[in-house]
């Protein structure tokens, strides 16, 4: 894989998709449909998916592509592939809360190695560079011109005073019970894959997810966190979360800075 080209393409497509999403987000109204799994989908999901998938297929025709909005791709299998969630956090989008993201990642050998997470309503963009180091880009976020880049690094967590981030839309008692095992200084809530990025920047130390997710929900954020020195493990046995699983469904997991002393579930 040409990582320089990949990062350039992923970055540009995410910004272009984000612009399409914001056009619809800022409109007076938009239609919401319900998919077969009862999850919502909007014109923004579909427009972003069409743009990203066309761009990736054009740039990397020989690489398998899995995308949330194209169910035909969910029956493919392999351990190396591009994976896309064109609009992660559709509920946040519908309720105009801003915590939604564009997610594009490369999985190699079952491991997310490169990824981009772009939150267009918040103007925050995180991605892995060609070497695998994660960065946050600031400035105008122009698709054709890369702005200032700040390398990301997870916090040296203090286990006596942890910062925990949890889901806005999927918080439950089981999650609260698990968090209570730690000495928590403060809690943040965030939507979509931004939770991985908050751990990657050092704004949080721990993100436990005791709920259903799919690989397209997590791969890009996982790549960004890994490139900042963090890790993502299964909740049940604390082994690394792998990709290319049957149906692309994830088990419960924990994303964290390695200085955190993980507790058993």
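Taking the criterion of being buried (at least 18 other Cβ atoms within 10 Å of the Cβ) and at pLDDT below 95, the residues of the stretch 57-88 that qualify are 68, 69, 87, 88. Residues being outside the structural domain of residue 242 (by TED's automatic domain parsing), surrounded by fewer than 21 Cβ atoms within 10 Å (Cβ to Cβ) and not in a loop (DSSP other than H, G, I, E, B) are represented in the stretch 104-112 by at least one member.
Number of residues in the stretch 160-178 that are surrounded by 14 or more Cβ atoms within 10 Å (Cβ to Cβ) and modelled with pLDDT of 95 or more: the value is 5. You will find that of 33, 91, 20, the residue that is outside the structural domain of residue 247 (by TED's automatic domain parsing) and either modelled with pLDDT of 95 or more or part of a strand (DSSP E or B) (or both) is 33 and no other.
Checking the stretch 62-70 against the condition returns a match, with at least one residue being within 14 Å of residue 214 (Cβ to Cβ) and out of contact with any strand residue (DSSP E or B) (no Cβ under 7 Å at 6 or more places or on another chain).
Residue by residue, here is whether (1) surrounded by fewer than 21 Cβ atoms within 10 Å (Cβ to Cβ); (2) closer than 21 Å to residue 87 by Cβ; (3) within 14 Å of the chain's Cα centre (by Cα) holds:
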| residue | (1), (2), (3) |
| --- | --- |
| 190 | no, yes, yes |
| 195 | no, yes, yes |
| 204 | no, no, no |
| 207 | no, yes, yes |
| 215 | no, yes, yes |
| 220 | no, yes, yes |
| 245 | yes, no, no |
| 260 | no, no, no |
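Of everything listed in (1) without any contact (Cβ under 8 Å) to a residue 40 or more places away in the chain; (2) in a loop (DSSP other than H, G, I, E, B), the single unmet condition for residue 203 is (1). Residue 84 passes every criterion in (1) part of a helix (DSSP H, G or I); (2) touching a helix residue (DSSP H, G or I) at 6+ places or on another chain (Cβ under 8 Å) apart from (1). When residues in the stretch 61-81 are screened for being more than 13 Å from residue 49 (Cα to Cα) and either free of Cβ contacts under 8 Å to residues at least 12 places away in the same chain or assigned to a strand (DSSP E or B) (or both), 5 of them pass. Just wondering, is there one or more residues in the stretch 138-146 that are more than 25 Å from residue 84 (Cα to Cα), over 18 Å from the mean Cα position of the chain (by Cα) and surrounded by fewer than 19 Cβ atoms within 10 Å (Cβ to Cβ)? No.
Just to be sure I understand, how many residues within the stretch 177-201 are more than 20 Å from residue 102 (Cβ to Cβ) and touching a strand residue (DSSP E or B) at 6+ places or on another chain (Cβ under 8 Å)?
Residues meeting the conditions: 10.
Taking the stretch 36-56 as the range and being surrounded by fewer than 13 Cβ atoms within 10 Å (Cβ to Cβ) and either modelled with pLDDT of 95 or more or in contact with a strand residue (DSSP E or B) (Cβ under 6 Å, 6 or more places away or on another chain) (or both) as the test, only 54 passes. Looking at residue 135 and the list (1) touching a helix residue (DSSP H, G or I) at 6+ places or on another chain (Cβ under 6 Å); (2) crowded, with 19+ Cβ neighbours inside 10 Å, which single condition is not satisfied? Of everything listed in (1) touching a helix residue (DSSP H, G or I) at 6+ places or on another chain (Cβ under 6 Å); (2) crowded, with 19+ Cβ neighbours inside 10 Å, residue 135 misses just condition (1).
The values are calculated or read from the model by the stated rules, or taken from the named source; none is laboratory data. Small disclaimer: the values here were computed from a predicted structure and weren't measured. Counting neighbours? That spans all protein chains shown, and the Cβs are built from the backbone with ideal geometry, glycine included.
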